[in-house]
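Below is one structure, written out as structure tokens, with a few remarks after it.
The values are calculated or read from the model by the stated rules, or taken from the named source; none is laboratory data. Only a predicted model underlies this, so the values are computations on that prediction, with no experimental measurement involved. All Cβ positions, even for glycine, are placed from backbone atoms using ideal geometry, and neighbour counts span all protein chains on display.
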Amino acid sequence: MISSSLDKYSHDETPGITPVFPVGVFEPKTTQEVQEVVHYALQNKLAITARGAGTGKAGGCVPSPNSLVIDFSKMNQILDISPENLIAKVQPGVVPADLRQAVEAKNLFYPPDPNSLAWCTLGGNIATNAAGPSALKYGSTRDYVLGLEVVLANGEIMRLGKQTVKGVAGYDLVSLICGSEGTLALVTEITVKLLPKPRNLQTALLSFDSNEKALEAVNQILALGYLPKTLEYMDAACMQGKPALIVEYDGPDDQMQELGAVNSQVAQDEKQRRAIWEHRRMMSERLKKRAKHKISEDIVVPRNQMLVFVHELEKLGVKHGVQTASFGHAGDGNLHAQILFDEDLEPQKTDEILRELFSLTIKLSGTISGEHGIGLAKKPYLHLEQSESLMALQKAIKQVWDPKNILNPGKIF
Ligand SMILES: Cc1cc2nc3c(=O)[nH]c(=O)nc-3n(C[C@H](O)[C@H](O)[C@H](O)COP(=O)(O)OP(=O)(O)OC[C@H]3O[C@@H](n4cnc5c(N)ncnc54)[C@H](O)[C@@H]3O)c2cc1C
């Protein structure tokens, strides 16, 4: 049960995170083994950090000090898929792409689609409430979780939520666990809601001659009464002067609109569809090649504030002598704000830039994280968004679930 190398457990995919090594690593295959680890940790006064695939971008699975890691990647069985009930039951180490493939074979659809879906795990998705391009129409992971089996901080195994698609008995603790970043409970089994697989899919890449026109088109599409599956934005800095939207419809009654685009390319087959998405999928990697350092933040602003945000981000870049760019899930107002620079910046300087970026976001009634979570990376900035009493309320909730503070201590707050 104990893994030999501790290196890979000391970090996730967050740039610049300080590595922390765990005291030991467990790779359980059953809920009972997870329970045993919790008892062992309690007896030995150790903390526990849960880990899925380590693709997180907020340092959430970086071990807390004096911590055991539970690596859930070997709890990776799809336990049941029920077409009649439109639900599936899985272990937390299942990779979402595998679940999607398995349910698609039965003409079903599991919508949450973080761009990391080929590597990350369902447990990690729940703990971060992950989302992707289709969140505009289909929502985030939380919208698909009906029930959870969890191991609590005292070692008790508990079922939360329901096994049916409807049900309102008691508080919605499933939603509380979604986005709790491994600080409240260890997820050992997941019941998700499925949908019938949509029959049509139309994908188009629309190019515009300004960021303004591209972002105006986002609001126009929605104002016309269309709800695309995705509305992904890539600004002029990302697209060599030609900002673009990827618009994807999967409803039978939807149609593509021109919407002021100077060029539109509609995919005629799956190969062309993949080629269009390649622009978006590789965006982060392409931007990395433009400068020695890249910081990427997943802020959200109300849709009608995106243009203001994009302008102010440019100004922020000029002020600090760094390049900026933005792309992302424009349909949700969730923009991946990019800061690119070659010089090694002092940590205080990076902190100053981030503080200004997040303050701008909050001034526009936005939030500092749309999908990656707070973890360690955004912990110093949460107080910019949330009041002291709101943070105290959340700490009190943590105290009830985990009175000895053994589950991922030091994360979020
Ligand atoms: C290339 C790339 C693209 C990405 N694109 C997206 C995107 O489009 N949308 C998006 O939302 N995110 C994205 N991410 C971020 C990341 O993939 C998600 O946050 C994902 O949900 C993390 O899953 P994981 O299994 O890797 O979790 P980890 O990184 O291992 O852990 C994340 C958090 O979950 C907790 N956790 C893990 N398993 C459990 C469990 N069983 N019980 C309790 N807590 C648990 C950990 O303690 C930690 O706090 C991307 C990352 C990369 C590298």
Only residues that are closer than 23 Å to residue 413 by Cα and in contact with a strand residue (DSSP E or B) (Cβ under 8 Å, 6 or more places away or on another chain): list them for the range 141-171, please. 150, 151, 152, 153
Which members of the range 132-147 meet the condition of being among the hydrophobic types (A, V, I, L, M, F, W, C) and either assigned by TED's automatic domain parsing to the domain that holds residue 30 or more than 9 Å from the ligand (Cβ to nearest atom) (or both)? 136, 145, 146
Can you list residue pairs whose Cβ atoms sit under 9 Å apart, with the first residue in the range 110-138 being under 17 Å from residue 331 (Cβ atoms) and acidic (Asp, Glu) and the second being in a loop (DSSP other than H, G, I, E, B) and more than 9 Å from the ligand (Cβ to nearest atom)? Count only pairs 6 or more apart in sequence or on different chains. 113/134
Taking residue 404 as the residue in question, decide whether it is under 20 Å from residue 181 (Cα atoms), of a type in the set (Lys, Arg), touching a residue at least 60 places away in the same chain (Cβ under 8 Å) and within 15 Å of the ligand (Cβ to nearest atom). no
Need a quick list: helices (runs of 4 or more DSSP H) entirely within the range 12-131 having at least 1 residues that are within 24 Å of the chain's Cα centre (by Cα), within 12 Å of the ligand (Cβ to nearest atom) and in the same structural domain as residue 165 (by TED's automatic domain parsing). 96-104, 122-128
At pLDDT 95 or above, more than 16 Å from the ligand (Cβ to nearest atom) and of a type outside the set (Ser, Thr, Tyr): is that true of residue 223 in this structure? no
For residue 326, the lone unmet condition from (1) within 19 Å of residue 381 (Cβ to Cβ); (2) over 22 Å from the mean Cα position of the chain (by Cα) is (2)
Among helices (runs of 4 or more DSSP H) completely within the range 344-413, the ones holding 3 or more residues that are out of contact with any Asp or Glu (no Cβ under 7 Å at 6 or more places or on another chain), at pLDDT 95 or above and under 20 Å from residue 317 (Cα atoms) are 347-363
Any chance the range 177-193 includes a residue that's out of contact with any Cys (no Cβ under 7 Å at 6 or more places or on another chain), surrounded by fewer than 17 Cβ atoms within 10 Å (Cβ to Cβ) and in contact (Cβ under 8 Å) with a residue 40 or more places away in the chain? no
Conditions (1) of a type in the set (Asp, Glu); (2) touching a residue at least 60 places away in the same chain (Cβ under 8 Å); (3) out of contact with any helix residue (DSSP H, G or I) (no Cβ under 7 Å at 6 or more places or on another chain); number of the one not met by residue 143: (2)
In the range 161-179, what residues are in a loop (DSSP other than H, G, I, E, B) and within 16 Å of the ligand (Cβ to nearest atom)? 178, 179
